[in-house]
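The values are calculated or read from the model by the stated rules, or taken from the named source; none is laboratory data. Note that the coordinates shown come from a computational prediction; the quantities given were computed from them, not determined experimentally. Every residue, glycine among them, receives a Cβ derived from its backbone with ideal geometry; neighbour counts consider all protein chains shown.
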Amino acid sequence: TQQTTWNAVDAYFSEQLVGHDPVLDAATAAADAAGLPKIAVAPNQGKLLHLLALTQGARRILEVGTLGGYSTIWLARALPADGRLISLELDPGHAEVARGNLARAGLGEVAEVRVGRAADSLAALVEQGEEPFDVVFIDADKPSNPEYFRRALQLTGPGSLIIVDNVVRGGAIADAASTDPAVVATRAMHELIAAEPRVTATSVQTVGSKGYDGFTLVRVQS
Ligand code: SAM
């Protein structure tokens, strides 16, 4: 089947270019042991996040949707020693697993997990006049994507990069008649992005071990 091929190709790329990584393997094992859903990004996708953050020269990273901290580790590893990552997570159990994983990865000082509704945590960050983030990775409850994008714009500046995961919705993103809240919201987010003069963006479809999906990249220009 197609999925078998996609798995084999992802395994090949990850074997060649990601390699064996005891810290990430331990993070995945801890998440599995705690019964977390297996919905973290794939290794080669995590490395893409890492490369994007490196390319940005990121000093400050914001993540929406922590789960067990797998993508968090990839992103935080791109930071300099005095860098900072804040990851927002609703579920206290997920946050606890993530904190353990970040500590074991030696990232406990640079990466912080904040528990609560991301909408509230983002509002608080804006309220506190937080310095702009160089990279924002949005990967939480999909119906909130328009709100997360709006908040991300308030929390970034010229040159920042906003990444949104899982924007293809099995192809339903192209269906204007869809009533699926994740589809409706992700379409609304695309309309916001399209109408926003301060950004330039693209969305890309992907296949791989996580199936058929895709992501949006948004660069804040001004
Ligand atoms: N970024 C993670 C990774 O790749 O390793 C995966 C994140 S998982 C797809 C989505 C996470 O968002 C879950 O842990 C879920 O508990 C969290 N979440 C769901 N609704 C949320 C909300 N309203 N605020 C904050 N986090 C939320």
In the stretch 1-24, residue modelled with the lowest pLDDT [restricted to those that are under 17 Å from TYR212 (Cβ atoms) and among the hydroxyl-bearing types (Ser, Thr, Tyr)]: THR1
Qualifying residues in the stretch 130-149 (those that are in a helix (DSSP H, G or I) and closer than 25 Å to VAL110 by Cα) - the one nearest to the ligand (Cβ to nearest atom): TYR148
Test: residue in the stretch 27-50 that is more than 19 Å from the chain's Cα centre (by Cα) and part of a loop (DSSP other than H, G, I, E, B): yes
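Among the residues of the stretch 88-104, is there at least one that is among the charged types (D, E, K, R), at pLDDT 95 or above, assigned to a loop (DSSP other than H, G, I, E, B) and within 12 Å of the ligand (Cβ to nearest atom)?
yes
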Every pair of residues 6+ apart whose Cβ atoms lie under 7 Å, when the first sits in the stretch 108-124 and is more than 14 Å from GLY69 (Cα to Cα) while the second is basic (Lys, Arg): SER121/ARG114; LEU122/ARG151
Qualifying positions in the stretch 51-82 - part of a helix (DSSP H, G or I), under 13 Å from the mean Cα position of the chain (by Cα) and of a type in the set (Val, Ile, Thr): THR72, ILE73
Residues (more than 13 Å from the chain's Cα centre (by Cα), surrounded by 16 or more Cβ atoms within 10 Å (Cβ to Cβ) and small (Gly, Ala, Ser)) located in the stretch 119-163: ALA119, SER121, SER144, SER160
